[in-house]
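Structure first, then comments.
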Amino acid sequence: MTIWSISIQNLRSKPFYTFLSVFSLALSIALLLGIQQVEASFKYQMENNLGDIDLVIGAKGSPLQLVLASVLHMDNPTGNIPYEDAKKVGKNPMIKSAVPISYGDNYKGYRIVGTTKGFAPLYNAALEEGRAVKKSMEVVLGHTVAKQLQLKIGDTFLSSHGLVDNDIDVHSEKLKVVGIYKPTQKIIDRLIITNLESIWDVHHTEGEHEHGDEQEGGSIEHSGNAYEGKEITSLLISFRNPSAFLTLPRKINEQTNMQAALPKYELDRLYEYMGVGVKTISCIAYIILVISCMTIFISLYKMVKEHAFDLALLRTYGASNVQLIRMVGYEGCIMGLLAFLLGILLSKTGLSLMFKMVETEYKQNMLHELPLMEFLQIGALVFIMILAAIVLAIHPIIKMNISTILSHEN
Amino acid sequence: MIKTKNITFKYKKNGNHRFTFPDITLKDEENLLILGKSGIGKTTLLHLLAGLLKPVSGTIAIGFVDIHSLSPSQLDTFRGQHIGLVFQKNHAIQSLNVTENLESRLFFSRKAIDHVMINDLLEQLDLSDFKKSKVNELSEGQLQRLGIALSVIHNPQVILADEPTSSLDDENCKMVMDLLINQAKQNHANLIVITHDHRIKPLFSKAITL
């Protein structure tokens, strides 16, 4: 027999009420954890996909679109830029590496990216098997692509024109798989990597007479008639020193007819747009949290009021005020702890179900663990609220007049 | 042993009405019946003796301890260890079963929890079949016997009973009083019963009327 066991018995003697209080608190905790985790996962996924890319240079247009297309491979590109011009920019001493990418084709919805040797290192991607691209029409597959499409080294396939899977606009040249990357959990897992020449070659032969179709399809124009006139979609740049952040983008935007976009800045803007929704849901979750802490308070207060005689009786047994306060406190703590555990369980199962659906849609596992700090923050918040509920609920114990309560037993 | 001297008491709310109580002197194992009409201050006297109320003047000694010279926490401990209280309609802790109630009684009076002793006592009070029963499953007579068990389990010096029989029929009244007197004797405790129930008067050699 301990004070703990009396607290537990008190809770067990009113199971329905206890369950309701715990469940409503758990629900709000689950909601808070869930929303934070979704946000954290989303940000992590985005930032993870940035790799080492500090700056993107592409055709003029929306900078967010440029970032979405060239870095996250989600949107259509803004257009093309001359390879020669891009090369000139890449020679700037503040730049550590400049990787050109060019695309316009897909295979079963996975984008084919023409690029150079510098692309894989941006994502720390290493080969799992096979070798790197050596000549035109060879490709290395991202891990997810190889797994989902069940392609092996030596397999060949025909790419479709544009960024959306289609059977009509198929190129006639076969691409050959020469390597597969290890999984990175980054965007490269979902890309098909080849060299720039492959893209140019495919579109060089067909470009002449299919030029009009490309325009209509709204896809990228990347045809060029002469080698000097070659075009790329964009240039991915990582800086050598941070001062480049201030000078280089402005220089490019002002002095060339290309545009420079900072992926981190653009994504922050994107979060801001999204933030309104996240804030609203968070707000609702906080309100539910306050309400459920109030139900915990009511539950404790009811216990103290309705069981005033029991508490007075315990005092005649020799219990001190402090022991009674501990009893109520433990009840609150048990409910809070149960709610917190149940909340974690609810948010975990809820999110994994949700992400299972998302995963199949976007072909990427987006669930990411909530940072410990945020987790602790929510934990601390709940703890403080419970503490407040307890402090308010024990008030009658401190003011209790045992004699009065005992003499009004009938 | 109990000795009170010149106790007076006044409720803060009730204006100027001051209770004065006759002095009580009880030797070891001596029992006392306190009779009186309602409102005369019987329960007040009992709560003063239990240390639940503080007298305006006068002293109350249990054993050799002047209980109102103790600090509040010392008084809590003293009450828990040396005093047993029986009420009219006995309330045990609702959320605990019969055995757990007795365990908690021992726990709060800082005594070792002895299940042999608990079972023995329940046997004596004919409650053996209700060890795991919730308090609200017991009949009135059973509840009153549990009340007696709770007042003696910790081997107190004094058992104070407040109208223990007034809601019981003659048969239960007799049984409860026999058990109370018997238990007080076994524990070498003083038994003080306050009541307006004249049925139990013959059971006491010493009685005062307020």
Of the residues B:HIS17, B:HIS91, B:HIS47, B:HIS115, which single one is of a type outside the set (Asp, Glu), within 14 Å of chain A (Cβ to nearest Cβ) and surrounded by fewer than 16 Cβ atoms within 10 Å (Cβ to Cβ)?
B:HIS115
Selection count where residues are surrounded by fewer than 15 Cβ atoms within 10 Å (Cβ to Cβ) and more than 19 Å from B:ASN187 (Cα to Cα), scope the range B:118-159:
7
Tell me yes or no: at least one residue of the range B:125-139 is in contact with a helix residue (DSSP H, G or I) (Cβ under 7 Å, 6 or more places away or on another chain), more than 11 Å from chain A (Cβ to nearest Cβ) and assigned to a helix (DSSP H, G or I).
yes
When you go through B:LEU85, B:LEU150 one by one, which is the residue that is part of a helix (DSSP H, G or I), within 9 Å of another protein chain (Cβ to nearest Cβ) and in contact with a helix residue (DSSP H, G or I) (Cβ under 6 Å, 6 or more places away or on another chain)?
B:LEU150
For the structure I just gave you, tell me whether A:LEU300 is within 25 Å of B:ASP76 (Cβ to Cβ), crowded, with 17+ Cβ neighbours inside 10 Å and either among the aliphatic types (A, V, I, L, M) or away from every other protein chain (no Cβ under 11 Å) (or both).
yes
Restricting to the range A:2-34, name every residue that is hydroxyl-bearing (Ser, Thr, Tyr) and either at pLDDT 90 or above or within 38 Å of the chain's Cα centre (by Cα) (or both).
A:SER5, A:SER7, A:TYR17, A:THR18, A:SER21, A:SER24, A:SER28
Taking the stated definitions as given, is A:ILE284 exposed (fewer than 15 other Cβ atoms within 10 Å of the Cβ), closer than 30 Å to A:ALA388 by Cβ and in the same structural domain as A:ILE386 (by TED's automatic domain parsing)?
yes
Leading residue by the ranking (farthest from the other protein chains (Cβ to nearest Cβ)) among those in the range B:52-75 that are assigned to a loop (DSSP other than H, G, I, E, B) and more than 26 Å from B:LEU203 (Cβ to Cβ)
B:PHE64
Tell me, which residue of the range A:312-358 that is at the interface with chain B (Cβ under 9 Å from one of its Cβ atoms) and assigned to a helix (DSSP H, G or I) is farthest from A:PHE383 (Cα to Cα)?
A:THR316
Name the residue, out of A:GLN45, A:GLN37, that is at pLDDT below 90, surrounded by 17 or more Cβ atoms within 10 Å (Cβ to Cβ) and farther than 30 Å from A:ALA260 by Cα.
A:GLN37
Flag for A:SER238 being under 24 Å from A:MET46 (Cα atoms) and modelled with pLDDT of 90 or more:
no
How many residues does the range B:176-192 contain that are surrounded by fewer than 19 Cβ atoms within 10 Å (Cβ to Cβ) and of a type in the set (A, V, I, L, M)?
1
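The values are calculated or read from the model by the stated rules, or taken from the named source; none is laboratory data. Everything quoted here is computed from the prediction, not taken from an experiment. Cβ: placed from backbone, ideal geometry, glycine included. Neighbour counts: every protein chain shown.
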